[in-house]
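Enquirer: Got a structure here, written out as structure tokens. Questions coming.
The values are calculated or read from the model by the stated rules, or taken from the named source; none is laboratory data. This one's a predicted model, so the numbers in the text were calculated from it and none came from an experiment. Positions of Cβ are backbone-derived with ideal geometry, glycine not excepted, and every protein chain shown enters the neighbour counts. Protein only, heavy atoms only, side chains kept; ligands, DNA and RNA dropped before computing areas. Shrake-Rupley method; radii C 1.70, N 1.55, O 1.52, S 1.80 Å.
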Amino acid sequence: MYEKKLKIYDELISKCERFERKGKKMPYTSANGHMFSLLNKAGELGFRYSKEKQEKYLKSLNTTNFT
């Protein structure tokens, strides 16, 4: 299951020429030295947003912070 999610993550990243996947064991993307997405070992995808966007998505999607 993880390999399938990794393939999808790689396909998603390949659509944006400004970013490249980094990390061998825990794949991630970064911009200006700041990580903004990652796929953890459990196959969960996490994104880093500004505080304002975090609050918006936490409420509208009834979810929690990625840990």
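Enquirer: Can you tell me which residue among 3, 52, 20 is touching a helix residue (DSSP H, G or I) at 6+ places or on another chain (Cβ under 8 Å) and either open to solvent by 100 Å² or more (accessible area, probe 1.4 Å) or of a type outside the set (Asp, Glu) (or both)?
Expert: None of the other options fit; the residue is 20.
Enquirer: Here's something else I'd like to know. With the condition kept exactly as written, say whether any residue in segment 48-61 is in contact (Cβ under 8 Å) with a residue 24 or more places away in the chain and within 15 Å of the chain's Cα centre (by Cα).
Expert: Scanning segment 48-61, I find no residue that is in contact (Cβ under 8 Å) with a residue 24 or more places away in the chain and within 15 Å of the chain's Cα centre (by Cα), so the answer is no.
Enquirer: A further question follows. What are the residues in segment 27-61 that are assigned to a loop (DSSP other than H, G, I, E, B) and either touching a strand residue (DSSP E or B) at 6+ places or on another chain (Cβ under 7 Å) or closer than 22 Å to residue 5 by Cβ (or both), if any?
Expert: 27, 40, 41, 42, 43, 44, 48, 49, 61
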